[in-house]
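The values are calculated or read from the model by the stated rules, or taken from the named source; none is laboratory data. Since the structure is predicted, the reported quantities are computational estimates derived from the model, not experimental observations. Please note: Cβ atoms are built from the backbone with ideal geometry, for glycine as well, and neighbour counts cover all protein chains shown. Note: areas computed on protein heavy atoms with side chains; ligands, DNA, RNA excluded. Shrake-Rupley method; radii C 1.70, N 1.55, O 1.52, S 1.80 Å.
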Amino acid sequence: MPLVLAAGGEIPPFFILLTIVLVAVVVVSLVLSRFKQSLLVGYFLCGVLISNSGALEWVGVEQVGVIDALAEIGVVLLLFTLGIEFSLKEIKALRRPVFVGGTSQVGLCILAGLGGGLLLGLNMSQGLLLGFAFSLSSTAVSMKSFQEMGLPESPQARTALGMAIYQDLAAILFMVLIPALLSDEGGMGAVFVALAKGAVFTACIIVLSRHGFPQMLDAVARTRSRELFTITVIGLCAGVALVSGLLGLSPALGAFAAGIVVSESIYSHRVLSDILPFKDLFLTVFFVSVGLLIDINEMMEFWPSILIATVAIILVKGVIVALAAHWSGLRKGSWLVTSAALCSTGEFSIVLLNRASEFNALSLRWEQVLLASTALSMGLVPTLMKHSLGWADKIRRSSKQFCGQAHETLGIGGQVEGLNDHVVICGYGPVGQNLHRNLMEANVDVVVLETNPETVKRLHSQGVLCLFADAGDKESLELAHTERARGIAFTFPDEQAVLKGMHCAQELNKEIRVYARAKFVDQAERLKNAGVHFVLHDEEQSGLAMISAVMRCYSADIEPKWDL
């Protein structure tokens, strides 16, 4: 009998499900962390256990629609964050990995998936679906793993990012073609209709990204309301996702497109600082939601197929990615790390499979096998990447070849990432402007953090490195690479903002020099006691200037004194 929690429907089933998921994730994470195991696999297993233990039925949440809703929300939010991190500018910086590595990797994977599907008795449309899903990797898992390993700007990571960008673009085309390939009315006519829908959607997004969304974000930014800004961005994501769904495309595709629109605006860093703290939550919900879709009885029956599929995905795709990475410029050994990062299928693969299930394209066995093998292969990526570093070193030592050429080929994508020993200027009023001017004359690199959109646009047009970001956000300071900066200057006399920003900066860089302003003497004392290295006291400086000016009226050459 369902728990009285369902209490006559007073507690929404979705809320009950979300609570169970979050509590279970905390417990499972603590256990896995103690044994230093991958949390991603644990999230997936957590979903499997919740779905098949009878817990949902016990608390009155046995509706399949509730589980599907959680899965849809998880993937929509995750793909929105991936879209924000997507950068069209990176395509130019990573031309070779994108066009050489990405094209070869996706093309070979589609052929391998199609060939494997035909050998297993699938028809051409099903084989193409298998090839599409097989060609896509998990950008979220691979990039997160590179960050945890301290290699976010390494040639291996840059190559993986280049191929992932191509995969993301290819996924948009796949999402458009899936209905045409799998529907009963499929054929060239249906393909053309699908491509037309995709073209209309893309055209609308391009127009709105230039004449609509920027103006709306400008108006919201001028209100200086952080809450309204965040709500607007989430509303933008939901709106574009809804339109994508109404056009017969996937809401997840719309969310990804909305993220891309935001990523190309001056507000991308502000949005990232607001969204990044929740990205891990979205990734967790996504993995758990995949586990919720798994039937343990079916999984136990098909476990040999799941094991074989998981191993095949990792080995076959690993070889293909290694070749593509080598063709992208990575030398012996380095390509192994990139191969480990992209050897799994990914979140877009699951989106494709869920979309295909609406057309009953695959049998229940195939759906369960592919979902489980995708989740398992994604969960194994962090472990494979850590081990690949040692294997790559052995290969380099044995071949006595190093990947110096890869550094020259790939370089650093974007000037912000290339900065080192710079100064972070928070606020661009008169003090910030003059500080910037003098630092530039001294050939000192600078990153400006500013919340006035008009100022950010003006600085961008002048070629100044400026982020539309809040200096009190740790994520904003990470985007400015404060961990590599020599100093940070808070040019506005806001004590609380300075203290918050200083603590965040010192968490990233304990050696950083902190400079600040204070209006009153008690504020200056508190800032000094808190650890600010230099405090400019506005009253004192103004008073000393006044004393000097008045004394000059009497030609008195006396050192001005200030005593409070």
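Can LEU242 be described as open to solvent by 10 Å² or more (accessible area, probe 1.4 Å), free of Cβ contacts under 8 Å to residues at least 60 places away in the same chain, among the hydrophobic types (A, V, I, L, M, F, W, C) and out of contact with any Phe, Trp or Tyr (no Cβ under 9 Å at 6 or more places or on another chain)? The answer is yes for LEU242. Take GLU358 and tell me if it is over 30 Å from ALA93 (Cβ atoms), open to solvent by 40 Å² or more (accessible area, probe 1.4 Å), over 20 Å from the mean Cα position of the chain (by Cα) and at pLDDT 85 or above. It is false that GLU358 is over 30 Å from ALA93 (Cβ atoms), open to solvent by 40 Å² or more (accessible area, probe 1.4 Å), over 20 Å from the mean Cα position of the chain (by Cα) and at pLDDT 85 or above.
Look at (1) surrounded by 19 or more Cβ atoms within 10 Å (Cβ to Cβ); (2) under 21 Å from the mean Cα position of the chain (by Cα); (3) modelled with pLDDT under 85 and you find that GLY291 fails only one, number (2). Just one of the listed residues (ALA505, ALA469, ALA497) is within 26 Å of THR230 (Cα to Cα), over 26 Å from the mean Cα position of the chain (by Cα) and either open to solvent by 10 Å² or more (accessible area, probe 1.4 Å) or among the aliphatic types (A, V, I, L, M) (or both), and it is ALA497. Screening PHE286 on (1) of a type outside the set (Lys, Arg); (2) under 24 Å from VAL21 (Cα atoms); (3) without any contact (Cβ under 8 Å) to a residue 40 or more places away in the chain shows it passes everything except condition (3). From the list THR383, THR374, the lone residue that is part of a helix (DSSP H, G or I), surrounded by 22 or more Cβ atoms within 10 Å (Cβ to Cβ), modelled with pLDDT of 85 or more and not aliphatic (A, V, I, L, M) is THR374. Of all residues in the stretch 437-466, those satisfying the criterion of being touching a Lys or Arg at 6+ places or on another chain (Cβ under 9 Å) and open to solvent by 20 Å² or more (accessible area, probe 1.4 Å) are VAL444, THR451, ASN452, GLU454, VAL464.
Taken over the stretch 299-326, the residue count meeting the criterion of being over 12 Å from ALA392 (Cβ atoms) and crowded, with 17+ Cβ neighbours inside 10 Å is 15. Contact map, the stretch 428-443: first residue of a type in the set (Ser, Thr, Tyr), second residue open to solvent by 60 Å² or more (accessible area, probe 1.4 Å), Cβ cut-off under 8 Å, separation 6 or more or different chains; the map is empty.
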